[in-house]
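The structure appears below as structure tokens.
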Amino acid sequence: MPSDFREDLAALRRDVERLYAEPPAVYGLEERTLFEHFKQALNRGEIRAAEPDADSPTGWRVNPWVKQGILIGFRMGEIVDMSIGDSETGVRLPFLDKATYPPRPLVVGDGVRVVPGGSSIRDGCYLGRGVICMPPMYINAGAWVGEGTLVDSHALVGSCAQVGQRVHLSAAAQLGGVLEPVGASPVIVEDDVLIGGNCGVYEGTVVKRRAVLGAGTILTRSTPVYDLVRETIHRATADQPLVIPEEAVVVPGSRAVTKGVGKDWGLTLYTPVIVKYRDASTDVRVQLEDWLR
């Protein structure tokens, strides 16, 4: 990283942290210019809400100042009319949102496919080349979506969620965001992960590279994951999120209630279960054909 770029980044961080800590009574041109500079850095992928860190227990480090910058945009933004429609007939689709977060501008040269049909991508997020957006889907401000990733129909990438390269986010899958508190880890999905249909990944869960989540799997801080292969239980702790190991294949499961009236009634509770780790047969089943890209 060139020294002048590091200096510019350090200056941007100082300005954002100052503005977050000392908001003015009225936001003027100087503050709005700073935010636009910050937002363009998000769009270019020069800054992100969390980034890889080999020294961290999860392999990731949160950048609270980036989250602060995103929140500044909500503070200073005024609600404006972003409706679309036919001015001659008066038929309009009403959209009212913060002026600071319009739809993200894209051009052909960005190499991103947004298939027609009701998708929305908010400004202030990074989209790598080769990203495919199938309608309708939604990517929120602060998100990072790596090269070659497919975001399928009805899928959500929440604010500040970090999605790696060549991820398949299947239909109706939901990645929660975690914008606040600013020091909390967002949802992180590493490279070459398959998120099956109707999955939900929330509360800062980290899904390590090449893992597979079977359709309908829900991951939260409060739900332990039972690893049948390694005979262990993966849990979030007070200061660390739930982490799904590399190449784990996770499916929805259940565990019996072992005491009280729940036991008498024969009830079971939902829990995710690791049933295997990826092998050659798994790779064949989850591979995305090159012609899709």
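Side notes on the structure shown:
- Among the residues of the stretch 70-124, those identified as surrounded by fewer than 10 Cβ atoms within 10 Å (Cβ to Cβ) and part of a helix (DSSP H, G or I) are V108, G109.
- Of the criteria (1) exposed (fewer than 12 other Cβ atoms within 10 Å of the Cβ); (2) under 21 Å from G148 (Cβ atoms), which one K208 fails: (1)
- Near pairs, Cβ below 7 angstrom, 6+ apart or cross-chain, from the stretch 139-155 (within 13 Å of A49 (Cβ to Cβ)) to any residue that is assigned to a loop (DSSP other than H, G, I, E, B) and among the aromatic types (F, W, Y): A141/Y101
- Considering residues of the stretch 8-23 that are over 14 Å from I47 (Cβ atoms) and not small (G, A, S) only, the residue surrounded by the fewest Cβ atoms within 10 Å (Cβ to Cβ): E22
- Residue match in the stretch 192-201 (condition: under 22 Å from P57 (Cβ atoms) and charged (D, E, K, R)): yes
- Candidate set from the stretch 92-128 (those that are among the charged types (D, E, K, R) and under 17 Å from the mean Cα position of the chain (by Cα)); member that is nearest to I47 (Cα to Cα): D123
- The C-beta contact set for the stretch 22-39 (first residue free of Cβ contacts under 8 Å to residues at least 12 places away in the same chain, second residue in a helix (DSSP H, G or I) and among the charged types (D, E, K, R), distance under 8 angstrom, 6+ apart or interchain) comprises P24/E31.
- Residue match in the stretch 248-259 (condition: buried (at least 19 other Cβ atoms within 10 Å of the Cβ), touching a residue at least 40 places away in the same chain (Cβ under 8 Å) and within 26 Å of A155 (Cβ to Cβ)): yes
- Residue in the stretch 54-77 that is at pLDDT below 95 and of a type in the set (D, E) present: no
- Residue satisfying all of: in the stretch 231-247; touching a residue at least 24 places away in the same chain (Cβ under 8 Å) and among the charged types (D, E, K, R); surrounded by the fewest Cβ atoms within 10 Å (Cβ to Cβ) among these: E246
- Residue within the stretch 213-230 that is crowded, with 16+ Cβ neighbours inside 10 Å, in contact (Cβ under 8 Å) with a residue 60 or more places away in the chain and closer than 20 Å to K276 by Cβ present: no
- Verdict on L19 being within 14 Å of G73 (Cβ to Cβ), modelled with pLDDT of 95 or more and in contact with a Leu (Cβ under 7 Å, 6 or more places away or on another chain): yes
- Test: residue in the stretch 126-147 that is closer than 20 Å to R104 by Cβ, crowded, with 18+ Cβ neighbours inside 10 Å and among the polar types (S, T, N, Q): yes
- Residue match in the stretch 165-173 (condition: modelled with pLDDT of 95 or more, more than 24 Å from V62 (Cβ to Cβ), of a type in the set (S, T, N, Q) and assigned to a loop (DSSP other than H, G, I, E, B)): yes
- Residue match in the stretch 33-44 (condition: touching a strand residue (DSSP E or B) at 6+ places or on another chain (Cβ under 9 Å) and at positive phi): no
The values are calculated or read from the model by the stated rules, or taken from the named source; none is laboratory data. Every value quoted in this text rests on a predicted model; they were computed, and no experiment measured them. Neighbour counts are summed over all protein chains in view; Cβ atoms, including those assigned to glycine, are modelled from backbone coordinates with ideal geometry.
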